[in-house]
1. Scanning for something modelled with pLDDT under 95 and open to solvent by 60 Å² or more (accessible area, probe 1.4 Å), does the stretch 529-544 turn up at least one residue?
2. What's the number of the condition Phe99 fails, among (1) open to solvent by less than 40 Å² (accessible area, probe 1.4 Å); (2) without any contact (Cβ under 8 Å) to a residue 60 or more places away in the chain; (3) within 26 Å of the chain's Cα centre (by Cα)?
3. Restricting attention to the stretch 684-717, which residues are open to solvent by 40 Å² or more (accessible area, probe 1.4 Å) and either outside any helix (DSSP H, G or I) or modelled with pLDDT of 70 or more (or both)?
4. Based on what the data block shows, is Leu147 part of a strand (DSSP E or B), free of Cβ contacts under 8 Å to residues at least 60 places away in the same chain and under 29 Å from Lys219 (Cβ atoms)?
5. Could you check Gly629 against (1) within 23 Å of Glu113 (Cβ to Cβ); (2) modelled with pLDDT of 90 or more and say which number it fails?
6. If you go through the stretch 63-75 one residue at a time, do you hit one that is part of a strand (DSSP E or B), closer than 24 Å to Gly363 by Cβ and in contact with a helix residue (DSSP H, G or I) (Cβ under 7 Å, 6 or more places away or on another chain)?
7. Could you check the stretch 481-528 and list, in sequence order, the residues that are part of a helix (DSSP H, G or I) and buried (at least 18 other Cβ atoms within 10 Å of the Cβ)?
8. In the stretch 187-206, which residue that is open to solvent by less than 30 Å² (accessible area, probe 1.4 Å) and of a type outside the set (A, V, I, L, M, F, W, C) is nearest to Arg111 (Cα to Cα)?
Amino acid sequence: MIMQWMSDFRHAWRALLRTPGFLVTSVATLALAIGAVVGMFSVVNTVLLRPLPFPDADRLVVVAGTAPGSDLPERFGLGPEFYLHYREHSKLLDGIFLFGGGTSTLRTEDRVERIPMAWPTNDIYATLGVRPQVGRLPTPDEDRVVLISDQLWTSWFGRDPAVVGKMYFISGEMRQVIGVMPPEFSFPSDGTLLWVAGEFRAADVRPGQLGAPVVARMKSGVTREQVAVELTRLSKELPGRFGGPPNYARLIERHSAVVEPLLDRLVGPTARTSLWVLLGAVAVVMLIACANVANLFLVRAEGRRRDLAVRRAIGASRTQLVRLQMAEAFLVALPAGVLAVILSALTLPLFLRAAPEGIPRLGLVGLDLSTLAAAFALVVLAALACGAVPALHASSPDLARLREGSRGSTGRRHLGRDALIVGQTALALVLLIGSALLVQSFQRLRTVDPGYDTADIYTFQFAPEQAHLTDGPSWGRLHLDVMDRLRALPGVTAVGVVNNIPLDEGTGAGRFVTEAMDPDGSGALLDQNFTGGDYFRVMGIDLLRGRPFTPDEAITPNSNVIISRSAAARLWPDQDPLGQRIRRAAAPAQWFTVVGVVEDVKQDDWRDAGEAIVYFPLTGPTPAAWGMGSPAYVVKSPRAASLVQEVRELVRQVAPEAPVYREFTMEFLAQRSLVQLSFTMLTLGVISVLAMILGAVGLYGVLSYVVAERTREIGVRMALGATAGAVRRLVVSQGAKVVLIGTVVGIAAALASTRLLEALLYEVSALEPAVFVAMAIMMMGIGMLASYVPARRASRVDPIESLRID
């Protein structure tokens, strides 16, 4: 059998070399498609399919909560009381920890920067199953020690083992480095450089401080559903153990535990949907490419029908003919696979550089053994898909063709070729519709009003650490001084500060109670922020009622607040909010008076509704009530993009010890917020165009062959009086029928598949009729154009020459 296959491969290779056009076209078509699938598979495999780098990673889960009927989000993080109670009483967990993350200051002898850090409880290392490569882990009660990442150890300390045991200023105080984590450890995100040890004690817990992520390790053989049931039961015991206000007990009554795989939470639903959509799109292109090459093989088999009939007549079996055709298919697919791997290796780095930030493990993507195995499997599948049907078709040639000589076709229909064109058209249309839906979403997002301006605004942060900054007024005076200095820079027209800048930081949330509300009730859950200077004017946030904060309110203890329009509507739906009083539900003695109402803003994402926010001034009702240590400055200037060096020099004069960080223009932040959708849109758009081109080329190739096959018939028609226009209509109508069927099938397929895009769409229905109609018309137009070129060639047939073929 091996010798027979080797002989067939030799014959097939010689036959392919006699038709270099067919060989190059087929190899190039498959190489592009296989290369796209291989590259996208390597990304999906690394990010979505490969287990996390922890022992028994499938047992790691994120524990969250849900409380239907409350005003909390559908999924919300938990508080320390949940973590402590679960850790002490769960029978189904092998470990659990709670963590937070953000940026804070790291200061060594010769360097100071704000770096990404995490603040996990000390159970994290045992729960994840990791140990430091140098040093030790924290003991259960340690809270003034840290572990650093391998990246930080390398870039800051030159991999010096002596760094373990030294003290550095980290996150507001002197802390000791006790260990260095291995290179593969970067939890909870790829950029985390340092982990601050810490622990909660039951006596310090304030029930109801929700929002923190909790990660647990399930015991072997336990399901997520079992854990959710147990944790829901345990949560009902929290009010009895920790107490809390009446609204907390009502919340716990509604609460149910939600247990999700840790990998799913780290990737996030938007990135997960985008990657699966793109992998599905390149798989569709692969199918179109295989259909194209299969059509070429069918055409090739038709052209060799006399040769195949001779082989069959002199004793070749059907198996031998099938084997010969499949040998050609494999000889086309194998070099295509090699070329595809080379293309993927060259283009994958470009794709990864264009990908949005925040997708975990993207830096680990590469052509590993699993990807190469997938490439080999695709080569085999492509060979079978391209060669099987033509091989079976060619294995039973009509021996009557031996009497036909070279006479042309009389218009036989080839249903196999037509079916492949229908499939190509349908698949290309599905991708075009999906791409058009994303384009429409992107355009609507670009024109949305977020409630603030993005043009000519520069934002930055710095973290002063000076001995006299001990209370709210001292912090306020420092920030007023810096704002005055910034206003003196050439071109600067206004300056303000805010604790959480839109599109870069989320706001905290709290419960607020009005004088008319039940004092024992839960109150209204609202976001909160802190501002000063000309923040609202710089950002273009409309002042609807009342006044902004005055400079005095940045340095004088006061009890005034400004609220957003949605907050006013929720707190006093039928009343004038000015002069009304509110307080935090957790602080019954501190009342705040509303002095202004501003427009809502989209804080985190332009897809979200405007947030209901309570804005506080820099200084609260007592000198120690608030100290904004590291606010975001917003600077209005036509020179926004070129202020970096001047601002750094100014900060160096005021606070030489303070690192400057998070330096952006608001236009950059706006573009960054759209990058996930724009990346998916552009990538899917390129794939759709490629699919459309392949579909058009496939239709063109088939019709060109049909014209060549029917040359004698066309010549006879023209000799009998058929006009050139009639011949063109004949050929175009043949192509149009196939494309029309493919368009109908494609619309039906799109109706079923575009729902997968709903998580990425904004104010656009997945079944948008205008998009479906427009893309269907475009597909028909392209099909007609691809049909017209061979039709025009057919109309130029010389009847005399065509009748001389025999």
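The values are calculated or read from the model by the stated rules, or taken from the named source; none is laboratory data. These figures come from a predicted structure and were not determined experimentally. Note that each Cβ is placed from the backbone with ideal geometry, even for glycine, and that neighbours are counted across all protein chains shown. These area figures cover heavy atoms from the full protein model, side chains too; ligands, DNA and RNA do not enter into them. Shrake-Rupley method; radii C 1.70, N 1.55, O 1.52, S 1.80 Å.
1. No: the stretch 529-544 contains no residue that is modelled with pLDDT under 95 and open to solvent by 60 Å² or more (accessible area, probe 1.4 Å).
2. The number of the failed condition is (2).
3. Val686, Val689, Leu690, Ile693, Val697, Tyr700, Val716, Arg717
4. For Leu147, the condition - part of a strand (DSSP E or B), free of Cβ contacts under 8 Å to residues at least 60 places away in the same chain and under 29 Å from Lys219 (Cβ atoms) - is met.
5. With (1) within 23 Å of Glu113 (Cβ to Cβ); (2) modelled with pLDDT of 90 or more applied to Gly629, the lone miss is (2).
6. Within the stretch 63-75 (the criterion being part of a strand (DSSP E or B), closer than 24 Å to Gly363 by Cβ and in contact with a helix residue (DSSP H, G or I) (Cβ under 7 Å, 6 or more places away or on another chain)), the answer is no, since none of the residues qualifies.
7. Val482, Met483, Leu486, listed by residue number.
8. Looking at the filtered set, the residue picked out is Thr192.
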